[in-house]
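Q: The structure follows.
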Amino acid sequence: MSRYSARVLDHFQNPRHVGHVTPRDGLGRLGDPDCGDFLEVSVRLSEDHQRLAAVGYLIKGCPAAIATASMMAELVDQRTVEEALQLTDQQVIDALDGLPPGKEHCSVLAVKGLHLALQDALIRRLFKKAGLARDDEEFDRLVASGQIAEILRIHTCDGSCEQDGHEGCSSDSPPASATAAPDPIGNRPGRNDSPAAASEQIASVDSALNPPLPGRPAPE
């Protein structure tokens, strides 16, 4: 008898929502396409940014990794952003009627890839709304240079630190690209990379996300 459930085999042999979402609002990548499991999740939000209008993925991995990515996409397609962010790896496992021992980590890859794509979509929208990035191209350059992660202190790695216990990868340490890559907008007039300026940028993003209600003063 197969060690995989019938539902796992179905999603492995007939994966749902495969491919890039075009156009997309957010992208999340995990792993190394040249070595081991690799997952790339893309999402497009509805016009009001409250719902997943489309979700897709590209994946390289074992049957369990492919099945969990397929089930993840099926569970969140057309759901609200809040519902998608609440998805857990155990919910994916349960929806597949379980995974064999030693394969449970595959569901973590799928859910984390989804959350990274949603994180990218939401932060991208906020930075553009607050005027911190003029368009998607400038936001992508900020991401590539490490400035987004540095400003917001986002933990960025391929997940290997959780598997291997690397001590050098922490949320308080900026990614290597933050110091090695040149600043693509460093010559913009009036640009200031001081801690005070970074705090002002974060406050601008927060204000865009949480505008004051009528009759209520803005937060200090």
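No value in this document is a laboratory result; all are computed from the given coordinates. The structure presented is a predicted model; accordingly, all values stated were derived computationally and were not measured. Every residue, glycine among them, receives a Cβ derived from its backbone with ideal geometry; neighbour counts consider all protein chains shown.
Q: Between Glu47 and Gln78, what length comes free when the chain is fully extended (0.36 nm per residue of separation minus the Cα-Cα distance, one decimal in nm)?
A: Going from the current span to full extension adds 9.9 nm.
Q: Now, a different point. Once fully extended, how much extra length lies between Glu137 and Asp32, figured as 0.36 nm per residue of separation less the alpha-carbon to alpha-carbon distance?
A: In short, 35.4 nm is gained.
Q: Please compute the length gained on full extension between Ala6 and Gln91, using 0.36 nm multiplied by the number of residues separating them and subtracting their Cα-Cα distance.
A: 28.9 nm
Q: Something else now. Cβ neighbours within 10 Å, averaged per peptide: list 32-42, 15-25, 54-64 in order, most packed at the top.
A: 54-64, 32-42, 15-25
Q: Quick one: which residues, 5+ away or cross-chain, put their amide H under 5 Å from the amide H of Arg51? H built at 1.01 Å from N.
A: Long-range HN contacts for Arg51: Ser46, Val81.
Q: Return the distance in nm (one decimal) between the two label points of a simple spin-label model at Asn14 and Glu104, each offset 7 Å from Cα along Cα→Cβ.
A: That separation, rounded to one decimal, is 3.0 nm.
Q: About the Cα centre of the stretch 1-119, how large is the charge dipole given +1 on each Lys and Arg Cβ and -1 on each Asp and Glu Cβ? Please answer in debye to the nearest 20.
A: That gives a dipole near 220 debye.
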